[in-house]
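The values are calculated or read from the model by the stated rules, or taken from the named source; none is laboratory data. Remember, it's a predicted structure, so these values are computed and weren't measured experimentally. Please note: Cβ atoms are built from the backbone with ideal geometry, for glycine as well, and neighbour counts cover all protein chains shown.
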Amino acid sequence: MKHYIDIIRWKNLLFLALIQWLVQNSVVNPLFQKYDYQTAVNSPIFLLLMLSTVLITAGGYVINDYFDVKIDKINRPDKVVVGELIPLKSTMRYYQILTVAGTFIGITVAFISKSFSLAFIFILTPGLLWFYSASYKRQFLVGNLIISLLAALSIIIVGILAVAQMKLDYGILLFETPIPKEIYGWTGGFAFFAFLLTLIREIIKDMEDIHGDRELECRTMPIKWGFEKTKLFLGALIVLTIGGLFHADHYFIDFENNITARYIIFGLCIPLLVLVYLIFKAKSPEEFHQASTLSKYIMFIGILFSLIFYYLLAVENNLSIFGLFSPIS
């Protein structure tokens, strides 16, 4: 049983669930509070959305290991589970159960919410994960972009569900209010940040796994461009990310204090510059793994800004935080 738990990357699944919970409870629900729209903090429909996302993602990890047996035997031979500790046939059955269950729950959520967009995403995602594992991840940049897109969608769907639920109550009149725009704007901002950090991390992982990828004739960026050009590309992408953060702070985040700027500088920009340093000095798989881990933590720090957002919104609009206390009481 332990091996079946290990191959779904349960720590990553908890990380994903926590991100969705933070976006729902520290971004979406506070915006509901701001406009006096009453909603349950952890409504059953949102919990089903989380469960669906987790199950489909777990299935994606399983099918990825299924197709990567040969590569993993080269890159991390001591950690190969599929084909060694779990038979290939059992792995495929495990993938099918997880994916079918996750997709069914996701489509059920879409049906209850009357959201075509959610239905489309929950049908599209398993297909993208399959083709990513079978083919796209071995192609130049395509696989990286797909995983980054799916990371962003895992956040965007929280906003889509929230707006769909409100539309059930208010109909088309909802879109004459600023609520959908604010929900999509903020969840979209967090999603775009997750997209960029996931893209950075995926390319770093390609450098970490280059030996096995080369043996299987993959066409990843490090194989096509070499380490030096790939590192320059990553450096430019990180600089673009830093510039985007300051641009967002200046033009879109209008809270009357400098907490946001300080959070961006000390919580995100300095770690991102450290990441650039680690990438450029890295030569071994272990060093690239260190950089990959840091990029994951930076993404989480970025999502944790949702708590700062909740605090600032509460101060500005005299809201209670998680229904417990008011920051200005």
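Conditions first: (1) in contact with a strand residue (DSSP E or B) (Cβ under 9 Å, 6 or more places away or on another chain); (2) under 27 Å from LEU14 (Cβ atoms). LYS296 passes all but one, so which condition is the exception?
Answer for LYS296: the failing condition is (1).
Which one of THR91, THR103 is in a helix (DSSP H, G or I), surrounded by 18 or more Cβ atoms within 10 Å (Cβ to Cβ), of a type outside the set (A, V, I, L, M) and in contact with an Asp or Glu (Cβ under 9 Å, 6 or more places away or on another chain)?
Values: THR103 fails: in contact with an Asp or Glu (Cβ under 9 Å, 6 or more places away or on another chain).
Answer to the check: THR91.
Got a number for residues in segment 260-283 being among the polar types (S, T, N, Q) and either under 19 Å from the mean Cα position of the chain (by Cα) or under 14 Å from LYS231 (Cβ atoms) (or both)?
Result for segment 260-283: 0.
With within 26 Å of PHE288 (Cβ to Cβ) and either of a type in the set (Gly, Ala, Ser) or modelled with pLDDT of 95 or more (or both) as the only criterion, which of LEU128, LEU51, LEU124 stands out?
LEU128
Condition first: within 21 Å of GLY143 (Cα to Cα), hydroxyl-bearing (Ser, Thr, Tyr) and part of a helix (DSSP H, G or I). Can you find one or more residues in segment 277-294 that meet it?
Yes - at least one qualifying residue is present in segment 277-294.
Output yes when any residue across segment 225-246 is under 26 Å from ILE19 (Cα atoms), more than 20 Å from the chain's Cα centre (by Cα) and of a type in the set (Phe, Trp, Tyr), and no when none is.
yes
Residue under question is ILE112, and the condition is that it be crowded, with 16+ Cβ neighbours inside 10 Å and more than 24 Å from TRP10 (Cβ to Cβ); does it hold?
Yes: the conditions hold for ILE112.
Return the only residue of TYR311, TYR263 being modelled with pLDDT under 95 and surrounded by 14 or more Cβ atoms within 10 Å (Cβ to Cβ).
Among TYR311, TYR263, only TYR311 is modelled with pLDDT under 95 and surrounded by 14 or more Cβ atoms within 10 Å (Cβ to Cβ).
Could you say whether any residue in segment 1-9 is surrounded by 17 or more Cβ atoms within 10 Å (Cβ to Cβ), modelled with pLDDT under 95, in contact with a strand residue (DSSP E or B) (Cβ under 8 Å, 6 or more places away or on another chain) and closer than 30 Å to HIS211 by Cα?
yes
Which one of the conditions (1) β-branched (Val, Ile, Thr); (2) modelled with pLDDT under 95; (3) assigned to a helix (DSSP H, G or I) does THR39 fail to meet, given that it meets all the rest?
(3)
Would you pick out the residues in segment 306-318 that are of a type in the set (Phe, Trp, Tyr) and touching a residue at least 60 places away in the same chain (Cβ under 8 Å)?
PHE309, TYR310
How about segment 15-73: which of its residues are out of contact with any strand residue (DSSP E or B) (no Cβ under 7 Å at 6 or more places or on another chain), among the charged types (D, E, K, R) and more than 25 Å from THR177 (Cα to Cα)?
Across segment 15-73, the qualifying residues are ASP68, LYS70, ASP72, LYS73.
Go through ILE204, ILE200, ILE238, ILE242 for me and flag whichever is touching a Cys at 6+ places or on another chain (Cβ under 8 Å), modelled with pLDDT of 95 or more and not acidic (Asp, Glu).
Step by step, each of ILE204, ILE200, ILE238, ILE242 is checked, and only ILE242 is touching a Cys at 6+ places or on another chain (Cβ under 8 Å), modelled with pLDDT of 95 or more and not acidic (Asp, Glu).
So in segment 153-182, with the set limited to residues that are under 22 Å from VAL54 (Cα atoms) and modelled with pLDDT under 95, which one is surrounded by the most Cβ atoms within 10 Å (Cβ to Cβ)?
Within segment 153-182, the match that is surrounded by the most Cβ atoms within 10 Å (Cβ to Cβ) is ALA162.
In this structure, is GLY185 surrounded by 13 or more Cβ atoms within 10 Å (Cβ to Cβ), small (Gly, Ala, Ser) and part of a helix (DSSP H, G or I)?
Criteria met by GLY185.
Being under 23 Å from SER133 (Cα atoms) and of a type in the set (D, E, K, R) is the filter here, so list the residues in segment 218-241 that pass it.
ARG219, LYS224
Within segment 164-173, is there a residue that is among the hydroxyl-bearing types (Ser, Thr, Tyr) and either under 18 Å from PRO222 (Cα atoms) or part of a helix (DSSP H, G or I) (or both)?
Scanning segment 164-173 turns up at least one residue that is among the hydroxyl-bearing types (Ser, Thr, Tyr) and either under 18 Å from PRO222 (Cα atoms) or part of a helix (DSSP H, G or I) (or both).
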